[in-house]
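I have placed the structure first, in the form of structure tokens, so that the comments after it can refer back to it.
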Amino acid sequence: MSKKRVVIAGMGFGGLRAAKALAGSGFELLLVDRNNYHLFQPLLYQVATAGLEEEEIAYPLRGLVRGWKDTTFLLAEIIGINVADRTIRTDSEVISYDYLIIAAGSRTNYFGMDSVAKNAFDLKRLDQAEDLRNQILFMFERAERESDVRRREALLTFVIVGGGPTGVEFAGALRELIVYVLSKDHPTIASSETRIIIVEAANSLLTAMPDDLREYARLKLISMGVEVMLESKVIGATEESVQLFGGTTIGTHTLLWSAGVAAADLAGAIPGIERGGAGRIVVQPDLTIPGHPNVMVIGDMACCLTNGAPLPMMAPVASQQGEYAAQSIVARERGASLPAFRYRDKGAMATIGKSSAVAVTGGFKFRGYIAWLAWLLLHLFYLVGFRNRVVVMMNWTYAYWFQERQVRIITSKNRRSVRS
């Protein structure tokens, strides 16, 4: 009797957790992703700010699965899913399944602003992080030989839209890169000439944090030289400026958009499926699609309601849902069922700069050095691959003691070269 096939579409945090739980459990397991690596997205901003190399936060998927029984990997782009006949259409072949876990993640949400989508950088992929690093380094090269005061100011102005963890962490890391490294590489450019501006539509940064930690993060960034503009909205952008609601225009050549995400485009490739906010697929309490109990959606693509509100699009949610999806499939094959999925919120954290972070877990709040140390250890723990952990730890130690960033290589001068 042939084994039932479980296909996992997407190998982010949720897909990887589901795959680990199902490997060797009596199923034929097929993992499908358009990349041949698992990406640790929380550290993408460190690639963009010259702190880490790309390969240090990615791990080859074939290297992961080669020791897993009855598990194979397919490098392919999924372009359609037919839940009626249980098939997946990719750019290379059609795949059948008995169970399907959809975990394709998210894309950047520009809320319909085409000019922003055209001119902003984002941090969802490795090549985007490299592209942003190229841009930052090249702006300093251009500014060094720019004689026009206004153009030089725009070249040295960096605008970050979104005051969540990505925006805050990137702003702090970029400020440290400029102060400790780039101002020394470019002695004709003083760090005081540069501007880093966070634009946030809400009335505080890190809205998921308690009020005192939000204020700590804001004051810490300001003390580092980062400008924080709260209750401000971006309405448009060009290659050389950002327009805010109310008429303010900021001259800049570098705009990072971290103000929102939406479900991956694959969510729209499944006909007859209800979708909620941000294009997410509405799922039942057991994470299945209504009418299709053999199809589960997890992570950023899933609109899973808890107390009437959808769960946030975060890695911890995806990881827990991946574990649940695997356990649910195993239980079903044994004639049993699991209770509805329940997310266990273990807290949140964000690093601001050297020896400074904020964290909340289990009703306890931390800030400063202790929170920063906890952030380091937790990210090292969840990073995939022993070598990656060792190399990242060495790089962090080197940067801490010598205040240096080694990855200052411009691989392209064309800001559009690797973006889509």
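Where a number appears in this text, it was derived from the coordinates with a stated rule and is not lab data. Quick caveat, the model's predicted, so the values are computed rather than measured. All Cβ positions, glycine included, derive from the backbone under ideal geometry; neighbour counts span all protein chains shown.
Structure notes:
- Cα-based radius of gyration of the stretch 114-259 once divided by 2.2 N^0.38 Å, which approximates compact folds: 1.01
- Working note: Debye formula, equal point scatterers on the alpha-carbon atoms of the stretch 288-345, no solvent; log10 I(q)/I(0) at q = 0.15, 0.17, 0.21, 0.29 Å⁻¹ is -0.43, -0.55, -0.83, -1.36.
- Magnitude of the charge dipole, the stretch 114-259, Cβ model with Lys/Arg +1 and Asp/Glu -1, debye to 20: 80
- Mean separation of Cα contacts under 8 Å (6+ apart) over length of the chain, as relative contact order %: 20
- One decimal place: the segment LYS184-PHE111 gains 22.4 nm when fully extended, by the rule 0.36 nm per residue minus the C-alpha distance.
- The charge dipole of the chain, taken about its Cα centre with unit charges on the Cβ atoms of Lys, Arg (+1), Asp and Glu (-1) only, comes to about 660 debye.
- Ignoring lysines fewer than eight residues from LYS3 along the same chain, the ones with Cα atoms less than 17 angstrom from its Cα are LYS69.
- DSSP-defined beta bridges in the stretch 114-259 - what % are antiparallel, rounded to 5: 30
- Here's the list of lysines a cross-link from LYS354 could span, going by alpha-carbon distance under 30 Å and ignoring same-chain residues fewer than 8 apart: LYS124, LYS184, LYS220, LYS233, LYS346, LYS365, LYS413.
- Of all beta bridges that DSSP places with both ends in the chain, some 50 percent have antiparallel geometry.
- Averaged over residues, the count of other Cβ atoms within 10 Å places the peptides 215-223, 252-260, 317-325 in the sequence 317-325, 252-260, 215-223, highest first.
- Across every pair of non-identical alpha carbons in the chain, the mean reciprocal distance, once inverted, gives a Kirkwood radius of 22.6 Å.
- The stretch 286-346 - charge dipole about Cα centre, Lys and Arg +1 at Cβ, Asp and Glu -1, debye rounded to 20: 140
- Most mobile listed residue (ARG150, ARG389, ARG342) in the chain, GNM with C-alpha springs under 10 Å: ARG150
- Point-to-point label distance, SER25-GLU240, nm (Cα→Cβ direction, 7 Å offset): 5.7
- Linear extension gain, ILE222 paired with ASN36, 0.36 nm per residue minus alpha-carbon span: 63.0 nm
- Ratio of the Cα radius of gyration of the stretch 58-186 to 2.2 N^0.38 Å, where N counts its residues: 1.54
- Proportion of all alpha-carbon pairs of the stretch 193-332 beyond 20 Å (%): 61
- From its DSSP helices (H runs of at least four residues, each -39,500 (n - 2.57)), the chain gives a residue-normalised ellipticity at 222 nm of -9500 deg cm²/dmol.
- Using a Förster distance of 30 Å, the FRET efficiency for ASP148-GLU404 (Cβ separation, nearest 0.05): 0.45
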